[in-house]
Amino acid sequence: MVAALFFMMAGCVQSVSKPAVERRGVRFDAAHFKWHAFYSECGQTLGCTVLYANRVQRRDDDKVMTGRLREDVLTRTPSVEIGIRNFPDPAVVTWTSKDGTNHREVVDIRQIFRDEVVMHRVPSSDVDGVTESPVILLIVDDRTIRIYMKVRVRLKYEEVVGNPYSKYRDELTLAFQKTY
């Protein structure tokens, strides 16, 4: 489903001709976004709940410990909520970590992406454009919250000659991490 979403969004690409910016050690082209999609996943937690954009994005059973995060959690993004205007109230995350500690954290997505700039690691000389609506992933793993930006980058060339689908690269960039 997400692959279809990214292929569908491939037509909604913003050309990049603005100067490059560096944040958190990641250099990226200054393409801006005003809308985003959102997805959350929890691993090694009990009763993990994520509230964002006035909706419960995730609610896990509070009696069953979730397993370890799947290895493909960052490459596969099932059922995202699309069309979220930048930026609603902060995400509120509540969960119990593996050691039995209860947590309640307010994660200010607006502050993390305050400049509304699309993050990726593709050299600017290779970039022909980027999707205008990135996916923001909020991942809870035991005591750690990580926020990633996932974006489709249109390249100026085919990575696999003769394969027109290889003109796009899905980029995942860590934007925030905190262990509680």
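Since every read-out is calculated from the coordinates, none of them should be taken as a lab result. Here the structure is a predicted model, which is why all the values come from computation and not from measurement.
Derived scalar couplings between HN and Hα for the range 137-152 equal 9, 10, 10, 10, 10, 6, 9, 10, 10, 10, 10, 10, 10, 10, 9, 9 Hz in order, rounded to whole Hz, by the Karplus curve 6.51 cos²θ - 1.76 cosθ + 1.60 (θ = phi - 60°), x for Gly and Pro. Computed from phi, the 3J(HN,Hα) profile of the range 100-112 under the Karplus parametrisation 6.51, -1.76, 1.60 (θ = phi - 60°) reads x, 6, 7, 10, 9, 10, 9, 10, 8, 4, 4, 5, 4 Hz, with x in place of Gly and Pro.
Excluding same-chain neighbours fewer than eight residues apart, the lysines reachable from Lys178 by a Cα-Cα span under 22 Å are Lys98, Lys150. Within the straight-line cut-off of under 28 Å between alpha carbons, the lysines reachable from Lys156 are Lys18, Lys34, Lys167, sequence neighbours fewer than 8 places apart in one chain being disregarded.
Size estimate for the range 129-180 follows the Kirkwood approach: the inverse of mean 1/r over distinct Cα pairs works out to 12.6 Å.
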